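The values are calculated or read from the model by the stated rules, or taken from the named source; none is laboratory data. Just so it is clear, the structure is predicted and the values come from calculations on it, not from any experiment. Neighbour counts are summed over all protein chains in view; Cβ atoms, including those assigned to glycine, are modelled from backbone coordinates with ideal geometry.
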Amino acid sequence: MKEALAWLEHCKSLSPAIVETCAKVVVSSGPGALIKALSQALPEWKFRHSLSRGGWYRLGGVLDGNGNRISDSLENWAENALNERGGDFGQLTDDFVDKELYATRLMGQTHYLVAAAGEGVADFLQLEIEDLQELRVHRLFANDPGTIEELVDPRGGNDKPVPVGLPFHTFHRIQHIGALLRRMQAQKPEPAPIHRMLADWSKSSASSTSAYSNHWVIATREHLDHYHQPVFRAQPISTQTGDAPEFEAVAGSSGLELSAALSHFDRESGYPMAWYFHMLTSKAVPHWVADCVIEDSMSGYGYLPHGDVEVVRGWLHQPYAV
């Protein structure tokens, strides 16, 4: 646990240089420019781009009709205005319905960058940098809202989003994945699915071919429980471009037909046992495959190494999904 906390502090020490780099690199230059700038700011760490995920947004602030900023936080502005009126939403609407106020939204994309930090399967730093574009999205109170949710984030609407300034980078998070997983296990000794996935990777032929962080990143969340203690969640995300390969075997396949389907899936994915790890994390590979693999092994088919067979056998004895 001491090592995990030491990594936590080390990651914090890297943050100022990352924040400064984000401010310098323009979004239009792409992730490659971020990598180059980070290599200059933090030469001891060899970050590389692993994955970009977009299509998400978060609530922004409040602007008046002239584009002047009233608040950086739409939610705080709305909650404070409502509290000032004793929670009377009707009074809030009456006071502002004739004022020209607009909500903004931050449309985002997250860039995942990774850097090796040891020999273990989870020994890598994962850096998350967002590129954001603030947009003016809807006029407040024009939709006759009845709740705070309908006010700040209405569904539908005819307002055309208008950009507010240029896109920009912002530092989101950096963490040592191994240290995070050790903190998770300190909370709850029973291994979580993500722990089991990484253990299976290290025991399978995938580990001798490629690093886990070459093919997966880990989306993490943290919240406080009723006792104000941090609770962590970790979800693996494949870095593979597009959808997973199609699994080309029908239910109940065995022998050469199943072996060919497994090999094709692995070749398309770029590493051995890819079919197994996609079986854990998605519907790309159905669960019947694991049963048939073990049945084939017991019948003398040797298309998988012994270690891989044992990984699949362990999953059948105690299934899990990540």
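Here residue 261 meets the list (1) touching an Asp or Glu at 6+ places or on another chain (Cβ under 9 Å); (2) closer than 24 Å to residue 123 by Cα; (3) surrounded by 18 or more Cβ atoms within 10 Å (Cβ to Cβ) almost entirely, failing just condition (2).
Scanning region 79-88 turns up no residue that is modelled with pLDDT of 95 or more, assigned to a strand (DSSP E or B) and surrounded by 15 or more Cβ atoms within 10 Å (Cβ to Cβ).
Got a number for residues in region 248-284 being among the aliphatic types (A, V, I, L, M), under 21 Å from residue 201 (Cα atoms) and touching a residue at least 40 places away in the same chain (Cβ under 8 Å)?
Of the residues in region 248-284, 5 are among the aliphatic types (A, V, I, L, M), under 21 Å from residue 201 (Cα atoms) and touching a residue at least 40 places away in the same chain (Cβ under 8 Å).
Can you spot a residue in region 102-110 that is of a type in the set (A, V, I, L, M, F, W, C) and in contact with a Lys or Arg (Cβ under 7 Å, 6 or more places away or on another chain)?
Taking region 102-110 first, the residues of a type in the set (A, V, I, L, M, F, W, C) are 103, 106-107.
From the residues that got through so far, the ones that are in contact with a Lys or Arg (Cβ under 7 Å, 6 or more places away or on another chain) too are 106.
Yes, there is a match, as at least one residue in region 102-110 is of a type in the set (A, V, I, L, M, F, W, C) and in contact with a Lys or Arg (Cβ under 7 Å, 6 or more places away or on another chain).
Just wondering, is there one or more residues in region 275-298 that are surrounded by fewer than 19 Cβ atoms within 10 Å (Cβ to Cβ), on the phi > 0 side of the Ramachandran plot and not aromatic (Phe, Trp, Tyr)? No, region 275-298 has no match at all.
State which residue is surrounded by the fewest Cβ atoms within 10 Å (Cβ to Cβ) when the search covers only region 40-78 and only residues that are of a type in the set (Phe, Trp, Tyr) and assigned to a strand (DSSP E or B).
Narrowing region 40-78 to residues of a type in the set (Phe, Trp, Tyr): 45, 47, 56-57, 77.
Checking the rest, the ones that are also assigned to a strand (DSSP E or B) come to 56-57.
On the way: 56: 11, 57: 15.
Among those that are of a type in the set (Phe, Trp, Tyr) and assigned to a strand (DSSP E or B), it is 56.
Residue 94 meets the conditions (1) closer than 29 Å to residue 129 by Cβ; (2) surrounded by fewer than 16 Cβ atoms within 10 Å (Cβ to Cβ) in every case but one. The failed one is (1). Among the residues making up region 177-205, those that are closer than 19 Å to residue 279 by Cα, in contact with a helix residue (DSSP H, G or I) (Cβ under 7 Å, 6 or more places away or on another chain) and among the small types (Gly, Ala, Ser) are 192, 204, 205.
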